[in-house]
Amino acid sequence: MLGASQVMSWEALSPAWQSRVHGAIAAESRPDCIAYPNTVEQLAELVTCAHQHQWRLLPCGHGSKLSWGASVTGADVVVSTQHLNQVVEHAVGDLTVTAQAGVGFAELQATLLQTRQFLAIDPAYPQQATLGGIVATRDTGALRQRYGSIRDMLIGVSFVRHDGQLAKAGGRVVKNVAGYDLMKLMSGSFGTLGILTQLTWRTFPQQETAQTIFLSGAATDIRAVTAAVLRSPLTPAKLDLLSPGLGPDQGEQFGLAVQFQSIAAGVAEQGERLAAIAQPYELQQQTLSDVADDTCWQTLTAALLPDDHPENLAIAKVGILPAQAVDWLASLQTTLAPGTWRARLHASSGLGLLQLSCAHNSPEQLTAVRSRCQAAGGYLNLLDAPADWKQQLDPWALDDAARLLMTRLQKQFDPQGRLSPGRLR
């Protein structure tokens, strides 16, 4: 169907790919092969064949986040969209871009920057991530502060259904006729509702300059300054709370990282206003501009999500009420082993990531952290962890209502449960 060059047996896979796939499958069994369709039509034909033979499919792009979430119960074929890597249309004047799901995030950003536009997301593993994987895992990053979430930026989506039929929703302009909002539904679906093939995004003008200000100090002072910034007319592009030891020269203090993007005069004025807000408090301040500004955010992301995917780390996505974010970070100091964890929360949404060492902490300790989140009306999803941790912990910990809703959706979109089976159990 695809040709020998587009199908690779399990034995022929590189150790890195075998490790990624093993990290995604709970069972000891392994898939027969990984398939790389070159066209949407080939992908549809493959899925049709799988539907007829009742093969279990594990969709992915480059596989950088293949192990995130609950492990699938088994897979017969891994389907990679990385050969679906064409930019279909960039409507510069309309500020939209349409690209296939296998297009690399870094490559698309480089293309958009030629017209001084960009995608307003900063996902995990930016050099490896594909657009389809970013949508499937709803991986927005710190730019959510100013530009919103994946669901806010996605205006069109095409995908292959469980039976091989093509489906699409939305369009290539920002204003669309309202209907069943598949863009929002596919965001965070983890490959369980269909295999993404094409996506249309809003783009944004590249700003003239950017500057990041790091504030560090006691938790009480960071809490007060954060609340004041959120009440102020300041418009930061990024506003992140940092656990001790995560930011530059932060030491054992808590941190607040604030990035402003605008014309040079606007950035300078907002920096001065931030300094005035922070002045009454005993906080250290560090300002980074130009290349140093961009590098520091890359370093923050890499510190929490290292490219080499160490096996002894657990990564969790956290949601907490913004007003309780600093207190939650402080509570980790007494719940987790000192010096074995890092966390970063987006201050206005309370969403973020927690990284902890599995060698120095236990599943019971992470359960205690989750319980504190839930008691405050939040949640903790276990994205990545060793297999024994995922066996002991429910990665999603959905309540009964949410689990029932997900079950009904999956039955509508994948009645046989052949797409990423068990991923959202």
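Listing for the model above:
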| item | result |
| --- | --- |
| Test: residue in the range 89-108 that is in contact (Cβ under 8 Å) with a residue 40 or more places away in the chain and under 30 Å from GLN391 (Cα atoms) | no |
| Exclusive hit being modelled with pLDDT under 95, over 28 Å from GLN207 (Cβ atoms) and not assigned by TED's automatic domain parsing to the domain that holds ASP388, set GLU282, GLU311 | GLU282 |
| Residue check, GLN416 assigned to a loop (DSSP other than H, G, I, E, B), out of contact with any strand residue (DSSP E or B) (no Cβ under 6 Å at 6 or more places or on another chain), of a type in the set (S, T, N, Q) and in contact (Cβ under 8 Å) with a residue 12 or more places away in the chain | yes |
| Qualifying position, being free of Cβ contacts under 8 Å to residues at least 24 places away in the same chain and outside the structural domain of THR226 (by TED's automatic domain parsing), among SER348, SER362, SER357 | SER362 |
| Filter pass, LEU329 being crowded, with 19+ Cβ neighbours inside 10 Å and in a helix (DSSP H, G or I) | yes |
| Some residue of the range 314-336 being among the small types (Gly, Ala, Ser), modelled with pLDDT under 95, out of contact with any helix residue (DSSP H, G or I) (no Cβ under 9 Å at 6 or more places or on another chain) and outside the structural domain of SER64 (by TED's automatic domain parsing) | no |
| Search result, residues across the range 250-265 that are touching a residue at least 24 places away in the same chain (Cβ under 8 Å), aliphatic (A, V, I, L, M) and outside any strand (DSSP E or B) | ILE263, ALA264 |
| Search result, residues across the range 144-158 that are without any contact (Cβ under 8 Å) to a residue 40 or more places away in the chain and surrounded by 22 or more Cβ atoms within 10 Å (Cβ to Cβ) | ILE150 |
| Identity of the residue in the range 61-89, part of a strand (DSSP E or B) and out of contact with any helix residue (DSSP H, G or I) (no Cβ under 7 Å at 6 or more places or on another chain), that ends up surrounded by the most Cβ atoms within 10 Å (Cβ to Cβ) | SER80 |
| Failed criterion for PRO395 (all others in (1) modelled with pLDDT under 90; (2) within 19 Å of the chain's Cα centre (by Cα) hold) | (1) |
| Residue in the range 395-402 that is in a loop (DSSP other than H, G, I, E, B), closer than 25 Å to GLY245 by Cα and without any contact (Cβ under 8 Å) to a residue 60 or more places away in the chain present | no |
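Yes or no, residue by residue, for (1) farther than 24 Å from LEU356 by Cβ; (2) touching a Leu at 6+ places or on another chain (Cβ under 6 Å); (3) outside any strand (DSSP E or B):
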| site | (1), (2), (3) |
| --- | --- |
| LEU230 | yes, no, yes |
| THR235 | yes, no, yes |
| LEU241 | no, yes, no |
| GLY245 | no, no, yes |
| PRO248 | no, no, yes |
| VAL267 | yes, no, yes |
| GLY271 | yes, no, yes |
| ALA276 | yes, no, yes |
| PRO280 | yes, no, yes |
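The values are calculated or read from the model by the stated rules, or taken from the named source; none is laboratory data. Bear in mind the structure is a predicted one, so any value in this text is a computation, not a measurement. No Cβ is skipped: glycine too gets one built from the backbone with ideal geometry, and neighbour counts run over all protein chains shown.
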